[in-house]
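Note sheet for the following structure.
The values are calculated or read from the model by the stated rules, or taken from the named source; none is laboratory data. Treat the numbers as computed from the prediction; the structure is a model and nothing was measured. A quick note on method: Cβ atoms are made from the backbone with ideal geometry, for glycine too, and the neighbour counts reach across all protein chains shown.
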Amino acid sequence: MPRVKSWPPSVPLDMVAESVIMDDEVRVRNLKPDYRQQSLLHHNCQCVPRIAVDSTKDACDHLPVNVTRILRLRTSYLHNHRIFLALAVSLLLNSLMLELFISRALLRLVDSIFSSKSVFELLLRESDLRFEEIGGDRMDQYEKVEKIGEGTYGVVYKARDRVTNETIALKKIRLEQEDEGVPSTAIREISLLKEMQHGNIVRLQDVVHSEKRIYLVFEYLDLDLKKHMDSCPDFAKNPRLIKSFLYQILRGIAYCHSHRVLHRDLKPQNLLIDRQTNALKLADFGLARAFGIPVRTFTHEVVTLWYRAPEILLGARQYSTPVDVWSVGCIFAEMVNQRPLFPGDSEIDELFKIFRILGTPNEDTWPGVSALPDFKSAFPKWPPKDLATIVPNLEPAGVDLLSKMLRLEPSKRVTARQALEHEYFKDLGTVP
């Protein structure tokens, strides 16, 4: 931990305040009384802890990075301290300064500590932190080349790193769209991607905060699965490539699920491909969200319509990893047929397209389905079709795996880890 210089010298911060994890939230448990009066600085008629700490970068090199810890802290004080959210995010995403920020936050004595910008600037001055050191004003390092796409909260550019001359993808997030500053989806994406280190997950290389925007710097891959299928008429005639892509998707998702993370927005456009190696990586965690057990209530609108699981379409507010497995199954069938499996143009049309192939569920085939908010007993009663007739070019082992991914009842769906062990992959060979 950084050490206090101005109270008595060389007093560790953990002797001044104790922190404890309570209900997954970092809270101050006790400020030692011996330091209560010594640690107050009167500034603008407010009581502010004096935290002049040794904050040089060399002194911070050994500090651990715990993104979850600062996110919990941020959530607790979000509504009271909106003015500093952008700065807090910069600290969050530049790991050298992370523990210093946490230390300051844990030492505050009153909520008003961050209620004045001048107070916060004073704390920065006392700790020798400058905005440039925590990720601000570094956009000169990156040169935009061309716009390559648009998302919910920003624009994606092909860009060049002036220092390394490397081509990168630059995702600009518009901060002015939400009162709190940084969109919550961006916070999720950033925090998750910093933790997700895997060969089948797109790599987040850097984060830059510039005035009212945050820029995410990703490795650059100019091809996605949708473009690949659209530009290659014979794509479906390459079963080995389909098998390799499916395996890599499942491997990436299994990694996410093992880290208690749902992707929730899987679709061909979010699967990036390296043209040279055919390596596939999961991208765009804009809707992803860390989950716990039991799964709590989530947002309703999460997955692109054609890949949306039936439990979500029927109004379920509690769901878990099977929603991703369903999406992977839809993508699998789309690769085999080279066309979407359930291309509904509305939620009810999407449901009916699913039911026409897999059969209309009832309490016998899916216990509890009739209790879902949007289930109607008046739904047409379609019988299930033979899935082999829907994907006629797929080998029997592949049909079996697909059927396990597309079970209507979520609890009966195969897991990503189980799918990787399926006999369909027994002759796979080398995978990027």
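Here is how the numbers come out for the structure above:
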quantity	calculated
Of all residues making up the stretch 341-350, the number that are touching a Leu at 6+ places or on another chain (Cβ under 6 Å) and within 13 Å of Leu406 (Cα to Cα)	0
Complete set of residues in the stretch 211-221 that are of a type outside the set (Val, Ile, Thr) and either at pLDDT below 90 or assigned to a strand (DSSP E or B) (or both)	Glu211, Lys212, Arg213, Tyr215, Leu216, Phe218, Glu219
Of all residues making up the stretch 244-264, the number that are part of a loop (DSSP other than H, G, I, E, B) and either touching a helix residue (DSSP H, G or I) at 6+ places or on another chain (Cβ under 8 Å) or closer than 17 Å to Ala419 by Cβ (or both)	3
Boolean, Gln276 is at pLDDT 85 or above, outside the structural domain of Val202 (by TED's automatic domain parsing) and surrounded by fewer than 19 Cβ atoms within 10 Å (Cβ to Cβ)	yes
Positions within the stretch 411-431 being in a helix (DSSP H, G or I) and either among the small types (Gly, Ala, Ser) or crowded, with 20+ Cβ neighbours inside 10 Å (or both), in sequence order	Ser411, Ala416, Ala419, Tyr424
Boolean, Thr430 is out of contact with any Ser or Thr (no Cβ under 6 Å at 6 or more places or on another chain), outside the structural domain of Arg240 (by TED's automatic domain parsing) and either touching a residue at least 40 places away in the same chain (Cβ under 8 Å) or of a type in the set (S, T, N, Q) (or both)	yes
Matching helices (runs of 4 or more DSSP H) fully within the stretch 319-396 where at least 2 residues are more than 25 Å from Ala254 (Cα to Cα) and either under 26 Å from the mean Cα position of the chain (by Cα) or at pLDDT 95 or above (or both)	347-358, 387-390
Complete set of residues in the stretch 364-414 that are without any contact (Cβ under 8 Å) to a residue 12 or more places away in the chain and touching a helix residue (DSSP H, G or I) at 6+ places or on another chain (Cβ under 6 Å)	Ala388
